[in-house]
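Trainee: Pasting a structure below so you can have a look.
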Amino acid sequence: MGIGQRKIRPLVAGNWKMNGLKASLAEALAVRDALTGAEGAFAADVMIAPPATLIGGFAAALGDYPLLLAGQDCHPKASGAHTGDIAAEMLKDAGASAVIVGHSERRADHGETNATVRAKAEAAHRAGIMAIICVGETREERTSGRTLSVVSKQLQQSAPGSATAANTVIAYEPVWAIGTGLTPTPDDVKSVHAAIRNNLISLFGPEGEGMRVLYGGSVKPDNAACLMAVENVDGALVGGASLKAGDFLAIVSAYGDT
Ligand code: PGA
């Protein structure tokens, strides 16, 4: 299917990671203004996940925005004695409509297991926001031919039974492609996304057919159109290139002419 005949509305999400201060609002406003000025010409939903400290201020400043906001992580519980943690309900209260869960940096740096990720996705659903569930293989897993089995297992164990096409997005992010400038070939992306789609259909039936599956890992303005044109790629999760409005908008504009 070409980029112009999609049945699923794509999502382009920017993951700012641990970057951004109040002054970064200028980037968010520039993205919002470009989307607003385009009057719907972008055939995709557009979202940024700034640090949690910025969500409330951004939500207030963006107003009735076509630019969506997300958190980068949440605690499984709604409240309680968990110093330093943030509940999905708090992200929603601050103005987020989604939260990224299971990013490989959190799986690696904080020892998050598939069970943890699943509990966090359930928390997002409980709070009434979308869960963006990340999966992806390491370099060693790819070179030893285990990509599809690793990704399928992550998906089966991280996606909760409460997942629907409206409340869940899957992001395939090969760990070795994140922040490295390396990307899989379009054929490799195609085969992993096909496996993810098959898994989603067997797990969730028709809901799995409509669930968005994003590609993430070194998406840049110069490779976005090629990656976004791959079958079963329903948008992008963008790290480094989402920090500057110009680069991020150039990626979003892979969907601008549809
Ligand atoms: P990158 O990060 O675009 O900087 O590779 C992607 C991500 O980690 O979500």
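The values are calculated or read from the model by the stated rules, or taken from the named source; none is laboratory data. Just so it is clear, the structure is predicted and the values come from calculations on it, not from any experiment. As a convention, Cβ positions derive from the backbone with ideal geometry for all residues, glycine included, and neighbour counts pool all protein chains shown. Calculation scope for accessible area: heavy atoms of the full protein, side chains included, ligands and nucleic acids excluded. Shrake-Rupley method; radii C 1.70, N 1.55, O 1.52, S 1.80 Å.
Trainee: Report, by residue number, each residue of region 104-126 that is open to solvent by less than 10 Å² (accessible area, probe 1.4 Å) and either part of a loop (DSSP other than H, G, I, E, B) or away from the ligand (no atom under 16 Å from the Cβ) (or both). It would help to see each step written out before you state the result.
Mentor: Keep residues of region 104-126 that are open to solvent by less than 10 Å² (accessible area, probe 1.4 Å), which gives 117, 121, 123-124.
Scanning region 104-126 gives Ala121, Ala123, Ala124.
Trainee: Shifting gears a bit: Report, by residue number, each residue of region 127-160 that is within 17 Å of Pro184 (Cβ to Cβ) and either in contact with a Lys or Arg (Cβ under 6 Å, 6 or more places away or on another chain) or outside any helix (DSSP H, G or I) (or both).
Mentor: Result: Cys134, Val135, Gly136, Glu137, Thr138, Ser144, Gly145, Arg146.
Trainee: Step by step: first the residues of region 211-258, then only those that are among the polar types (S, T, N, Q) and more than 12 Å from the ligand (Cβ to nearest atom), then the one that is modelled with the highest pLDDT. Which residue is that? Spell out the reasoning first.
Mentor: Of region 211-258, the ones among the polar types (S, T, N, Q) are 218, 223, 232, 242, 253, 258.
Those still in the list that are more than 12 Å from the ligand (Cβ to nearest atom) too: 232, 253, 258.
Values: Asn232: 97, Ser253: 92, Thr258: 40.
Across region 211-258, the extreme among qualifying residues is Asn232.
Trainee: For Lys220, indicate whether it is in a helix (DSSP H, G or I), on the phi < 0 side of the Ramachandran plot and of a type in the set (Lys, Arg). I'd like the intermediate steps shown before the answer.
Mentor: On the way: in a helix (DSSP H, G or I): no; on the phi < 0 side of the Ramachandran plot: yes; of a type in the set (Lys, Arg): yes.
No: the conditions fail for Lys220.
Trainee: Quick one: Thr138 ticks every box in (1) surrounded by 18 or more Cβ atoms within 10 Å (Cβ to Cβ); (2) within 16 Å of the ligand (Cβ to nearest atom) except a single one, so which number is it?
Mentor: Condition (1) is where Thr138 drops out.
Conditions (1) touching a residue at least 60 places away in the same chain (Cβ under 8 Å); (2) in contact with a helix residue (DSSP H, G or I) (Cβ under 9 Å, 6 or more places away or on another chain); (3) open to solvent by 10 Å² or more (accessible area, probe 1.4 Å), marked per residue:
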| site | (1), (2), (3) |
| --- | --- |
| Leu200 | no, yes, no |
| Leu203 | no, yes, yes |
| Pro206 | no, no, yes |
| Asn232 | no, yes, yes |
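Trainee: Among the candidates Ala96, Ala163, Ala81, single out the residue that is outside any helix (DSSP H, G or I) and under 21 Å from Asn232 (Cα atoms). So that I can check it myself, show each step before the final result.
Mentor: On the way: Ala96 fails: under 21 Å from Asn232 (Cα atoms); Ala81 fails: under 21 Å from Asn232 (Cα atoms).
Going through Ala96, Ala163, Ala81 in turn, just one is outside any helix (DSSP H, G or I) and under 21 Å from Asn232 (Cα atoms): Ala163.
Trainee: Quick check on my filter: what residues within region 70-103 are open to solvent by less than 50 Å² (accessible area, probe 1.4 Å) and away from the ligand (no atom under 16 Å from the Cβ)?
Mentor: Cys74, His75, Pro76, Ala78, Ala87, Ala88, Leu91, Ala94, Gly95, Ala96, Ser97
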